[in-house]
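The values are calculated or read from the model by the stated rules, or taken from the named source; none is laboratory data. No experiment lies behind these values; they were computed from the predicted model shown. Reconstructed Cβ throughout: ideal geometry from the backbone, glycine too, with neighbour counts over all protein chains shown. To get the accessible areas, we keep the full protein, side chains included, count just its heavy atoms, and leave off ligands, DNA and RNA. Shrake-Rupley method; radii C 1.70, N 1.55, O 1.52, S 1.80 Å.
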Amino acid sequence: MSFGRYALVVAVVTGGSLALLWPLALARLEPAAGRAVLAGAALAAANTLAAHGLVKWSETRSTRLFMGAVLGGMVGRMALMLAAVVGAVVLLGLPKVPLAVSLLGYFVLFLVFELSVLHRMRPGASA
């Protein structure tokens with residue numbers, strides 16, 4: 001799957017789920033909690049796009065470069081996510097629980113999606 005198509009699916013899933021959940025549940029939240037939910041979704045989406053971008057960049061490279069990009073990218077993304085969450089809580093004053101629930105919920109959803117895409121990218125994998 002190309003990066004553009006992957007990004008489109010991530011955007012549609014994120015936007016569609018937020019559009020569906022907003023009138024059902026999220027509109028009842030305080031404004032700061034709503035911003036935290038949006039921030040968590042955006043962080044998870046950015047994380048999965050970065051992960052997929054690193055895989056796409058490294059898939060035609062040597063095994064050493066591939067492993068360096070994937071493993072080094074994982075450490076780098078974890079550090080950036082930690083900094084973003086701390087910044088969102090400390091600097092922006094976003095509530096911790098809605099931010100964490102949104103971030104983790106979307107993270108798990110996108111991790112399952114990412115793994116299914118990677119599985120289909122393997123040579124000889126069934127579509």
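Here are some residues: A45, A51. Which one is modelled with pLDDT of 95 or more and either among the β-branched types (V, I, T) or under 13 Å from the mean Cα position of the chain (by Cα) (or both)?
After ruling out the rest, the residue left standing is A45.
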Residue within the stretch 22-38 that is modelled with pLDDT of 90 or more and touching a Pro at 6+ places or on another chain (Cβ under 7 Å) present: yes
The stretch 76-109, residues that are out of contact with any helix residue (DSSP H, G or I) (no Cβ under 9 Å at 6 or more places or on another chain), more than 13 Å from N47 (Cβ to Cβ) and open to solvent by 40 Å² or more (accessible area, probe 1.4 Å): V86, V90, L91
Out of V55, V12, sole residue that is closer than 21 Å to F113 by Cα, open to solvent by less than 60 Å² (accessible area, probe 1.4 Å) and of a type outside the set (G, A, S): V55
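Out of curiosity, is L91 over 19 Å from the mean Cα position of the chain (by Cα), at pLDDT 85 or above and over 20 Å from L118 (Cβ atoms)?
Details: over 19 Å from the mean Cα position of the chain (by Cα): yes; at pLDDT 85 or above: yes; over 20 Å from L118 (Cβ atoms): yes.
Criteria met by L91.
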Search result, residues across the stretch 74-103 that are without any contact (Cβ under 8 Å) to a residue 40 or more places away in the chain and closer than 28 Å to E59 by Cβ: M74, V75, G76, R77, M78, A79, L80, M81, L82, A83
The stretch 72-115: number of residues that are closer than 21 Å to M1 by Cα and of a type outside the set (S, T, Y): 11
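Within the stretch 28-42, which residues are more than 14 Å from the chain's Cα centre (by Cα) and open to solvent by less than 60 Å² (accessible area, probe 1.4 Å)?
Hits for the stretch 28-42 are A32, A33, G34, A36.
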Residues that are touching a residue at least 24 places away in the same chain (Cβ under 8 Å) and open to solvent by 40 Å² or more (accessible area, probe 1.4 Å), drawn from the stretch 110-125: L111, F113, L118, R120, M121
